[in-house]
């Protein structure tokens, strides 16, 4: 009897165990993380998006650890020249920070934009945005280093329009450094040009006085006056070839010739017909000087080896007198914007034939040339405000390739020796604006306390 009970008990225990083993596991399951990651910020090398190294890394900060595999198809780094590929990694000891490292080098002196799209995911496979939402990427831009930043930076000089003896100096791309007051026994009557000689040794300050004209040669590195040379009466601008400087003396109706080796005045040539030169350029193709008249719609061509060999052109400027004269890098095309018009006259130095380019942008003004391009400022009146801008014009086809528009009148332009940056003076906001030349995008500016006019950029870079 006892044995039978024992058997029944054993069967019962086994049944209970078997029943319990069939009961489903009711312990709670770990929740699936479904919070979308958030982008926090970009971080550039040296905490600056200017003068960016051509192999520089970019950090992207998020609020949680991200899945690196989702980045190549959702992050782009591109410039006008195209997209650059790269690798993605976690920052050391920061798994919520993703680092972009380019494969190879960025192009020099170029604006790049990095874009992070909503398809990047965290390690839980959550994307930044829902597939049903509009994908508006977060972006940032940077400007790469170039010749403008090699072994320092060029100095930029501006002359004060009201305080005519003062020159301001800017360096390190966009930082005001100091100013120079040029002592003189007689103050300048009017603000005239600033120019650099071809080899860049000196900044030339043209001094327009009521009695005699001068040019002041300034060392750009230490801002000291090196020489003062007397020229003709009423000098306004200066042109150069490799051996000589030619100073346009408007009041005296002459030009002065200065030897660039000895910095000695060799002669002053007076136009016997009363031609009043305002500005000039020199063509390496023809070995001739091209003078712009200050008061008439005329161009005077003068043989650089025989000043008496001259040609007067009075059909190049169709609508008005010229406000500036520039020449293409190859010495063939001469650009002359006509006052209060949208027309730029173009003279072919090889044939003396001319044509007119109508830009559609009124009040063409100061210009500069570099390589294949001519850059021309313009401004238009818009109600109570002046709108300015810059045109990038192909120097061979004369087609407008880029337009930069700005809510201030742009007075004067200068370009770096490598052609990578334009410096534009805007008197209305007393600022110097820095514009990269490939896309005409402003990358920085610097405020100057003064009344700004002429601007010149050194041909050399300085470590300071």
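The values are calculated or read from the model by the stated rules, or taken from the named source; none is laboratory data. Predicted model, so just to flag it, every value in this text is computed and none were measured. Because the Cβ atoms are built from the backbone with ideal geometry, glycine has one as well, and the counts that use them run over all protein chains shown.
Things to note:
- Meets criteria (within 30 Å of residue 116 (Cβ to Cβ), surrounded by fewer than 10 Cβ atoms within 10 Å (Cβ to Cβ) and at pLDDT 95 or above) for residue 56: no
- Among the residues making up region 235-280, those that are surrounded by fewer than 16 Cβ atoms within 10 Å (Cβ to Cβ), under 25 Å from residue 368 (Cα atoms) and free of Cβ contacts under 8 Å to residues at least 40 places away in the same chain are 243, 259.
- Residue match in region 380-390 (condition: without any contact (Cβ under 8 Å) to a residue 40 or more places away in the chain, in contact with a helix residue (DSSP H, G or I) (Cβ under 9 Å, 6 or more places away or on another chain) and assigned to a strand (DSSP E or B)): yes
- Qualifying residue in region 213-234 (condition: out of contact with any strand residue (DSSP E or B) (no Cβ under 6 Å at 6 or more places or on another chain) and more than 22 Å from residue 460 (Cβ to Cβ)): no
- In region 431-451, of all residues being in contact with a strand residue (DSSP E or B) (Cβ under 6 Å, 6 or more places away or on another chain) and modelled with pLDDT under 95, the one that is nearest to residue 192 (Cα to Cα) corresponds to 451.
- The set of residues from region 256-290 being over 23 Å from residue 202 (Cβ atoms), under 34 Å from the mean Cα position of the chain (by Cα) and not in a loop (DSSP other than H, G, I, E, B) comprises 283, 288, 290.
- Of the residues 145, 163, 186, 175, the single one that is under 21 Å from the mean Cα position of the chain (by Cα) and surrounded by fewer than 16 Cβ atoms within 10 Å (Cβ to Cβ) is 175.
- Taken over region 379-411, the residue count meeting the criterion of being over 14 Å from the mean Cα position of the chain (by Cα) and at pLDDT 95 or above is 8.
- Any hit, region 234-250, residues being modelled with pLDDT of 95 or more, part of a strand (DSSP E or B) and more than 28 Å from residue 287 (Cβ to Cβ): no
- Number of the condition not met by residue 408 [criteria: (1) assigned to a strand (DSSP E or B); (2) in contact with a helix residue (DSSP H, G or I) (Cβ under 8 Å, 6 or more places away or on another chain); (3) closer than 23 Å to residue 342 by Cβ]: (1)
- Of all residues making up region 405-420, the number that are in contact with a strand residue (DSSP E or B) (Cβ under 6 Å, 6 or more places away or on another chain) and closer than 16 Å to residue 174 by Cα: 4
- Within the set 103, 126, 69, the sole residue that is over 30 Å from residue 437 (Cβ atoms) and without any contact (Cβ under 8 Å) to a residue 60 or more places away in the chain turns out to be 69.
- Filter result (more than 18 Å from residue 142 (Cα to Cα) and buried (at least 16 other Cβ atoms within 10 Å of the Cβ)) within region 69-115: 70, 71, 74, 88, 96, 97
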